[in-house]
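Asks: Supplied in structure tokens, the structure appears directly below.
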Amino acid sequence: MAHTGSMNPTLVVLGASGDMARRLLFPALFGLEQQKRLGGLRIVAYARRDWTRQQCLDIIAEGITDLAGLEIAKSTWARFARRVSFVKGDLIAEDFRQLHECIEGDAAFYLALPPDLFPTAAKGLAEAGLSSETKGWRRLVIEKPFGVDLDSAVGLNKSLHTDWDEQQLFRIDHYLGKETVQNILVFRFANRFLEPVLNCNHVDYIQITAAETLGLEGRAGYYEGIGAMRDMLQSHLMQLVALVAMEPLAKWDNDLLHDHKVEALRSVRPLRPADVKKQAVRGQYGAGSDGVAYLDEPGVEKNSTTETFAALKLHIDNWRWAGTPIYLRSGKRLASNLTEVAIHFRQPPFHLPGNDGFVPTGNRLVFQLRPHESINLAVEARAPGFTMRTESLMLHADYEESSTSASASYRQLILDLLENERTAFLRFDEVEWAWRILDPVLKAWSKGKPESYESGSDGPEGQHSLLQSGHRWRDLTEDPLPKHD
Ligand code: BG6
């Protein structure tokens, strides 16, 4: 029987010396300490290093300040440090048995490890008895990438399911911890005016952009052979598609929510090999005023065909969305940091004749994640003055208070994990459906090479070939608060 909550659970961070733990996880935990949200949580840092506990604490503190840019107040640090113990160990049976001895009651195991080690770690923990819920709940947290294609994702899920129950698995996508992403469902379903027009009768197209100015940042070991399609579109952007496109919920229920997300992903029209050229575009950054070419980054093969930009046009074949394309794109070393979901409405059916100043344009609803966590609605109104004419206004609700940093989204997700709130984690079939959509593209892209684009630009020219007449990609150098066309 699964337990739901306890006063003093333990969070074991496997891979505590790695970049992920130091850059994101420990800073998120420390942030929660600052907000006094950790209760009686005990933290076990588990790594292969020959560290003393003090050395481990020093490395964690360095990550919090130098990598995450947080300030450490002495008293908060003292409280945090008291929770942390260090256990030296590898992913082998003997070490897991020792780990078992440090765990009492409820425990979550966070695999902050390279993805190829997930099956070994998950199995090893289970064989040491650490998945058994006889003495408290046991949860396993894994990070994307969940496989590198459909077959490997199915294989990974199978291997996890041999030792762990789906209810014990927490697949993290940090976008789902972002304030604005969580707001998509609330805004859609808590407002009477919106849902009736959120369909193909009123929406012309949807555009989802995740543009970054950063390049590889020394992550060649992870990124080479993965690329933008797997790194961003398969995970974060496909989640945004599911949240924007899914049907309303009858109640706030974990299974129902995931059923609806899966239903939306299942409705995406499968791409045939012949569609890939028309519906998918890839690019790789060349040199530019703000950086070296991808091929010159340390650790990158000289003839690498890994894409650093991917764009995709999807059709959703259901009553709600038939005929409304969804455009997705994401890339590194682009002109600005901009992540948003923009819903472009159709033009009003009728333009008032008799006054040339009346130039209504389609409305636009934009959920912006970066640079400003905000919700924006572009509307037409009367321009002030003596002449009767229209002007475009942006109604803007700012969530700037909530931090846009990745470690801030991890805070939310860690609390959800401890409270068994599973809605912001991925179910196995969601992951598989996202791969199913992209598999034909990945297969086609195993040959040929990406189009080069200038570092600091809007990405490859080829992206424009995806657009239907009257649609346009948002210019990345425009004011980050979306203006009207
Ligand atoms: C990660 C990707 O999942 O998301 C990175 O691996 C990317 O390549 C990052 O930079 C973007 O996250 P955010 O929160 O900064 O938009």
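Asks: Taking every DSSP beta bridge that has both residues in the chain, what percent is antiparallel when rounded to the nearest 5?
Replies: Numbers: 41 of 74 bridges.
Given both bridge residues lie in the chain, the antiparallel proportion sits at roughly 55 percent.
Asks: Cα-based count: Lys pairs in segment 1-147 below 27 Å, eight or more positions apart or different chains? Walk me through the numbers on the way to the answer.
Replies: On the way: 36/74; 36/135; 74/88; 88/123; 88/135; 88/144; 123/135; 123/144.
Step by step, the pairs that qualify in segment 1-147 add up to 8.
Asks: Please list, or write none, the lysines whose alpha carbon is within less than 16 Å of the alpha carbon of residue 313, excluding same-chain residues fewer than 8 places away.
Replies: 277, 278
Asks: Summing -39500 (n - 2.57) over the DSSP H runs of n ≥ 4 in the chain and dividing by its residue number, what mean residue ellipticity at 222 nm do you reach, to the nearest 500 deg cm²/dmol?
Replies: Working: 13 runs with 136 residues, N = 485.
For the chain, the value works out to -8500 deg cm²/dmol.
Asks: Further, regarding this structure: Compare the peptides 362-375, 90-103 by average per-residue count of other Cβ atoms within 10 angstrom and give them in order, highest first. Present the calculation step by step, with values, prior to reporting the outcome.
Replies: On the way: 362-375: 21.0, 90-103: 15.1.
Those peptides, ordered most packed to least, come out 362-375, 90-103.
Asks: Which aspartates and glutamates have a Cα lying under 18 Å from the Cα of residue 443, excluding residues fewer than 8 positions away in the same chain?
Replies: Straight-distance partners of residue 443: 149, 151, 224, 231, 275, 307, 432, 451.
Asks: Also: Given Cα pairs under 8 Å that are at least 6 residues apart, what percent is the relative contact order of the chain?
Replies: Values: 899 pairs, mean separation 87.5, N = 485.
Taking the mean separation of contacting Cα pairs over the length of the chain, I get 18 percent.
Asks: Another question, if that's okay. Arranged from highest to lowest average of other beta-carbon atoms within 10 Å per residue, in what order do the peptides 181-193, 42-54 appear?
Replies: Values: 181-193: 14.2, 42-54: 17.2.
Highest-to-lowest ranking by the protection proxy: 42-54, 181-193.
Asks: Also, quick follow-up: List every residue whose amide H lies under 5 Å from the amide H of residue 339, counting only residues 5 or more places away in sequence or on a different chain, with H placed 1.01 Å from N in the peptide plane.
Replies: For residue 339, whose amide H was placed from the backbone, the distant partners under 5 Å are 211, 369, 370.
Asks: Separate question: Let me know the charge dipole size of segment 4-146 about its Cα centre in debye, to the nearest 20, where only the beta-carbon of Lys, Arg (+1) and Asp, Glu (-1) is charged. Before the final figure, lay out the partial values.
Replies: Working: 19 positive and 17 negative charges, 90 e Å.
I would put it at about 440 debye.
Read-outs throughout are calculated quantities, based only on the coordinates presented, and are distinct from any laboratory measurement. In this text the structure is predicted, and so the values were computed from the model without any measurement. Every residue, glycine among them, receives a Cβ derived from its backbone with ideal geometry; neighbour counts consider all protein chains shown.
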